[in-house]
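Everything below concerns the one structure shown next.
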Amino acid sequence: MVAFTKDRNVIRRLVSEYAEAAGSERNRKAVQDWKALNSLNPARPMMTIDQIPWHEMNIDGELDLFCEDVSLRELEQTMRRALYKWRHMDTDQTLPEYVEVPKVIHNTGFGIEITENTLSIDNDNEILSHEYIDQLQTEEDLSKLRIPAITYDAEETDYKVALLEKAAGDLFPIRAVGILPYFNAWDKIAMLRSVTSIYMDFIDRPEFLHAIMSRFLEIELSSLRQMEEQNLLNPYAQLVHCSGTHTDELPAEGFDSGHVRSSDCWGFGMAQIFSSCSAEMHEEFEVKYAAEYYKHIGLVYYGCCEPLHNKIHLVRQLPHVRKISISPWADVNIAAENIGKDYVLSKKINPAFLAADNADEAALRAEIRETLNACARNGAPCEFILKDISTVRYKPQNLFRWSVLFREELSKFS
């Protein structure tokens, strides 16, 4: 009882601060501006920072954890990180007007385990170098792929909700939330096979790769149906692949909160292995499969690190796409011209400019200016996302500084 009382006091302080931020004018303004951007009628370019090297952020103990209960400690970490970003990074981050408790979801997997070798240069960093061992070399191996069983652990979820309700339910609403659908079959295949094996088979055994992809489409569509049947999807997620989701277009007409459909939600997907492949190969091996998945999704964020500036005509074949990732390896000028006013150009900032002892502010400013000018010339709605941040050399101020640079450049541009 003493431990719970201590944990309760910790959580109540955090929930109070969180509730104040969620109810602020800053939060309401960001929600409305995301809605404008996502309707392709932007009030201004938007900006987020995500996928942060949290092990480098806790310089002054601000992220120290004090709860003893495992479930409350998980929530404490989530809230401390959200509030840390709120205090130190002048982004367009939004907070829901309730505390989210992720639904506990179990997945049996697709029958084959990833086998790999890894290398690390920082034991505290989750970012590793991976060498994957090919587990799908033959037709016999292909037969090992299974449809996963997805199950909802209502008992564990209810326990976590009740625990938080007991601690702080009188201060702010508590809500169990599901997940967003996504289609990244080629990322999974790459981890099962290795990039080298796939690139060889694009030439030597294309029919085998089509067989693999057909099986993965079957797996992903079955998983999507299972999530719908068990009401495990989240129509109110704040982010889709690090990008703000607020829109008046979702949930879709006929929405029932007791049976959330994939058409009520944002979804996302990518095919990063095609970074070094032709548009024709991207179309043949990815687009026709992805289109079958995305036709079930309400709105789609497409792409990740793969450069898509010369493949916008392929993205146009995918249903319900609203945002297109333009990575540091893409030409933003060509991308803006090809996107025009039809999609949100989601510019990914190069995190390498933050990976030195002193951030390369000149390069960061130039990247922001180039994107703003390209989008203005072509009328392209745009957002800026700083993500995949492996390191800031244990200097959080470098990360804080980027949001300042963005606001300064946007002010000059306006």
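Readers should treat all values here as calculations from the given coordinates under stated rules, not as data from a laboratory. In this text the structure is predicted, and so the values were computed from the model without any measurement. A quick note on method: Cβ atoms are made from the backbone with ideal geometry, for glycine too, and the neighbour counts reach across all protein chains shown.
Based on Cβ point charges of +1 for Lys and Arg and -1 for Asp and Glu, what charge dipole magnitude is obtained for the range 114-217 about its Cα centre, in debye rounded to the nearest 20?
On the way: 9 positive and 19 negative charges, 70 e Å.
Approximately 340 debye in magnitude.
Can you list residues whose amide H is under 5 Å from TYR182's amide H, if they're 5+ apart or on another chain and H is modeled 1.01 Å from N?
Result for TYR182 returns PHE268.
What GluC sites (Glu not before Pro) in the range 110-219 are in a loop by DSSP, with at most 13 other Cβ atoms within 10 Å of the Cβ?
Values: sites: GLU113, GLU116, GLU126, GLU131, GLU139, GLU140, GLU155, GLU156, GLU165, GLU207, GLU218; in loops: GLU113, GLU126.
Passing sites in the range 110-219 are GLU113, GLU126.
Please report, in debye to the nearest 20, how large the charge dipole of the chain is about its Cα centre when each Lys and Arg carries +1 at its beta carbon and each Asp and Glu carries -1 there.
Around 1280 debye, computed over the chain.
Residue by residue through the range 258-264, what is 3J(HN,Hα) from phi via Karplus (6.51 cos²θ - 1.76 cosθ + 1.60, θ = phi - 60°)? Round to whole Hz and write x for glycine and proline.
My calculation for the range 258-264 gives x, 8, 5, 9, 4, 6, 8 Hz in order.
Classify the chain from the C-alpha gyration tensor, please: rounded if a/c falls under 1.5, else prolate or oblate depending on whether a/b exceeds b/c. Mind showing how you got there, number by number?
Values: a/c = 1.44, a/b = 1.15, b/c = 1.26.
In terms of gyration-tensor shape, rounded.
Can you work out the FRET efficiency for the pair ASP141 and ILE179, with r the C-beta to C-beta distance and R0 = 35 Å, to the nearest 0.05? List each step's numbers first, then the result.
Numbers: r = 29 Å, r/R0 = 0.82.
After rounding, the FRET efficiency stands at 0.75.
Lys/Arg Cβ at +1, Asp/Glu Cβ at -1, dipole of the chain taken about the Cα centre: which of ALA290, LEU40, CYS304 is farthest positive-ward?
LEU40
State the answer as a single residue: which of ALA149, GLY109, ILE133 lies farthest towards the positive end of the charge dipole of the range 106-200, with beta carbon charges of +1 for Lys and Arg and -1 for Asp and Glu, about the Cα centre.
Of the listed residues, the answer is ALA149.
Under the rule of -39500 (n - 2.57) per DSSP H run of 4 or more residues, summed and divided by the residues of the chain, what mean residue ellipticity at 222 nm is obtained, to the nearest 500 deg cm²/dmol? The partial results should precede the final answer.
Values: 14 runs with 175 residues, N = 414.
When only DSSP H runs of four or more count, the value is -13500 deg cm²/dmol.
Let me make sure I get this right: for the range 332-383, a, b and c are the square roots of the gyration tensor eigenvalues over alpha carbons, sorted descending. Under 1.5 in a/c it's rounded, otherwise prolate if a/b > b/c, else oblate. Which is it?
Values: a/c = 3.55, a/b = 2.51, b/c = 1.41.
Cα axes put the range 332-383 in the prolate bin.
Hey, what do the phi angles of the range 50-60 turn into as Karplus ³J(HN,Hα) couplings, whole Hz, using 6.51/-1.76/1.60 and θ = phi - 60°, x for Gly and Pro?
Each residue's phi maps through the Karplus curve to give 8, 6, 8, x, 4, 5, 9, 8, 8, 6, 10 Hz.
Just the number, please: percent antiparallel of the DSSP beta bridges in the chain, rounded to the nearest 5. Please list the in-between numbers first.
Values: 9 of 35 bridges.
So the antiparallel bridges in the chain amount to around 25 percent.
Amide H of VAL99 versus every other amide H placed in the peptide plane: which residues, excluding those fewer than 5 positions away on the same chain, fall under 5 Å?
ILE174, ARG175
What list of ³J(HN,Hα) values in whole Hz, one per residue of the range 295-307 in order, does the Karplus curve 6.51 cos²θ - 1.76 cosθ + 1.60 (θ = phi - 60°) give from phi, with Gly and Pro shown as x?
5, 8, 9, x, 9, 10, 9, 10, x, 8, 7, 5, x
Which value in Å does the Kirkwood hydrodynamic radius of the range 244-341 take, with 1/r averaged over all unlike C-alpha pairs and then inverted?
Over the range 244-341, the inverse of the mean reciprocal pair distance is 14.2 Å.
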